[in-house]
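Remarks on the structure that follows.
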Amino acid sequence: MQRMSSYTWLATVGLMACSASEHPGPEDALLALHGAIDLQGSKLEAPVGLAVAFGNDSGNALYLPRGETGGTFPSSFTFELTEPPPRESLFRLEGKEPQLAFGWLTAVGVDAPSSLRIANSQFGTGGCSATECTSSDEWCSQGNDPADDVCYSEQQTCDLNRENCTTISEGDVSLKSGPWEQIAGVSTNYLVLYLSRGVSANSFTALAFSEGVALSAGYHLLAISARTEAELDAQEACFEQSEQRALAQYNQQHGTQYSNTLDLPDEAYEDYDVLFSAAQLALRCAQTNERYTPVEDPDAMPIAIQLSRDDRGFSL
């Protein structure tokens, strides 16, 4: 069973807002591939082509650049994406690293929108009195600006057998049902990565998305595979060693004797985080719980895309 390390960089570091300064032109942003996609179980009535579902730093939206689909879809298609991803999907892993976007291959219908709001939080309460049972549930799409948040809510009242129910709802029900009326699913065996500029092997971006191999600017198709238990153990040990090294360096620099990061005062964390990041790079800690391997020439041989319709698929 896959685990999420408490140290994982992508899960613990606040993603920084993007700027337009590194956004290259279409000539730097070509992704070409061909193959087949399994649409079994899809709710789409008439999927007509491939797209990439890019997320954002809030996890509350998907952006769907369509590209050009040719051949016989879905059994033997060609696909070309010649534009950079939407600016809203760009972010950084760390301040000095390039803007990036990542997304999943999917199938879309002819009327698919260019973007979708998705719920990234859910709240629920419920209970029973002597005469009835009630529940209240809310699904929300929350971003960096609370003024832009949207929600869908349901209030349900039933008898004590939880029958004869009355439901009052408000908002966009797609926040509850997910985006599967508009997209066929998201790829579980391939990830699309976009970089606004290249990265060296000694970067968080490379450690996260290429097992520490340098990457050029533009699009990359990454094959996804699971790490072994031994690899996950080694990853957690690497983060623990990074923590210990960073704490020792902090104590040396500040003349302190902290034995645990929980003991650090709030004002110490900015300096400590710099040391912790440097230690991870020095020890080359893997940054994700799955392995992402760049496909050297995506158009050289056909790929077979497997889809999932699980909202948990919208994270690394």
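When every residue of region 11-27 is checked against the conditions, none turns out to be at pLDDT 85 or above and either over 30 Å from F276 (Cα atoms) or exposed (fewer than 15 other Cβ atoms within 10 Å of the Cβ) (or both).
Summed over region 26-84, the residues that are closer than 30 Å to G143 by Cβ and charged (D, E, K, R) give a count of 5.
Condition check ((1) farther than 26 Å from G41 by Cα; (2) touching a strand residue (DSSP E or B) at 6+ places or on another chain (Cβ under 8 Å)) across all residues:
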position: D149; (1), (2): yes, yes
position: T167; (1), (2): yes, yes
position: G178; (1), (2): no, no
position: T188; (1), (2): no, yes
position: V199; (1), (2): yes, yes
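Of all residues in region 213-232, those satisfying the criterion of being under 20 Å from the mean Cα position of the chain (by Cα), under 25 Å from P84 (Cβ atoms) and open to solvent by 10 Å² or more (accessible area, probe 1.4 Å) are L215, A217, Y219, H220, A223, I224.
Residues that are small (G, A, S) and either at pLDDT below 95 or in contact with a helix residue (DSSP H, G or I) (Cβ under 6 Å, 6 or more places away or on another chain) (or both) were ranked within region 279-289; the one that is farthest from V213 (Cα to Cα) is A279. Taken over region 78-111, residues that are part of a strand (DSSP E or B) and over 15 Å from the mean Cα position of the chain (by Cα) amount to 7.
Checked against (1) touching a residue at least 60 places away in the same chain (Cβ under 8 Å); (2) open to solvent by less than 80 Å² (accessible area, probe 1.4 Å), D273 passes all but condition (1).
Residue-wise test of (1) among the hydroxyl-bearing types (S, T, Y); (2) modelled with pLDDT of 95 or more.
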| position | (1), (2) |
| --- | --- |
| G55 | no, no |
| G67 | no, no |
| R87 | no, no |
| G95 | no, no |
| C128 | no, yes |
| T134 | yes, yes |
| S141 | yes, no |
| D145 | no, no |
| E154 | no, yes |
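L64 meets each of the listed conditions (1) of a type in the set (A, V, I, L, M, F, W, C); (2) in contact with a strand residue (DSSP E or B) (Cβ under 7 Å, 6 or more places away or on another chain); (3) open to solvent by 60 Å² or more (accessible area, probe 1.4 Å) apart from (3).
For region 77-111, the set of residues classified as surrounded by fewer than 21 Cβ atoms within 10 Å (Cβ to Cβ), under 23 Å from R309 (Cα atoms) and of a type in the set (G, A, S) consists of G109 only. Would you please name the residue that is most open to solvent (accessible area, probe 1.4 Å), looking only at residues in region 139-167 that are over 22 Å from the mean Cα position of the chain (by Cα) and among the charged types (D, E, K, R)? For region 139-167, the residue satisfying everything is R162. Does D263 satisfy being open to solvent by 70 Å² or more (accessible area, probe 1.4 Å), free of Cβ contacts under 8 Å to residues at least 12 places away in the same chain, farther than 30 Å from A51 by Cα and more than 24 Å from the chain's Cα centre (by Cα)? So D263 passes the test. Within region 243-258, residues that are farther than 24 Å from C285 by Cα have Cβ atoms under 7 Å from residues that are not hydroxyl-bearing (S, T, Y) in these pairs: Q257/N251, counting only partners at least 6 apart in sequence or on another chain. When G124 is tested against (1) at pLDDT 95 or above; (2) buried (at least 16 other Cβ atoms within 10 Å of the Cβ), only condition (2) is not met.
Against the definition (surrounded by 17 or more Cβ atoms within 10 Å (Cβ to Cβ) and closer than 30 Å to T134 by Cα), how does L175 come out, yes or no? Judged against the criteria, L175 is a match. Residue count for region 276-301 satisfying the condition of being crowded, with 18+ Cβ neighbours inside 10 Å, assigned to a loop (DSSP other than H, G, I, E, B) and of a type in the set (A, V, I, L, M): 1. Among the residues in region 302-316, are any of a type outside the set (D, E), open to solvent by less than 70 Å² (accessible area, probe 1.4 Å), farther than 17 Å from L105 by Cα and not in a helix (DSSP H, G or I)? No. Taking the stated definitions as given, is G49 under 18 Å from I183 (Cα atoms), part of a loop (DSSP other than H, G, I, E, B), under 24 Å from the mean Cα position of the chain (by Cα) and small (G, A, S)? No, not satisfied.
The values are calculated or read from the model by the stated rules, or taken from the named source; none is laboratory data. In this text, all values refer to a predicted model and were calculated from it rather than measured experimentally. Note that we place each Cβ from the backbone using ideal geometry, even for glycine, and neighbour counts take in every protein chain shown. Just the protein is used for accessible areas: all its heavy atoms, side chains included, with ligands, DNA and RNA removed. Shrake-Rupley method; radii C 1.70, N 1.55, O 1.52, S 1.80 Å.
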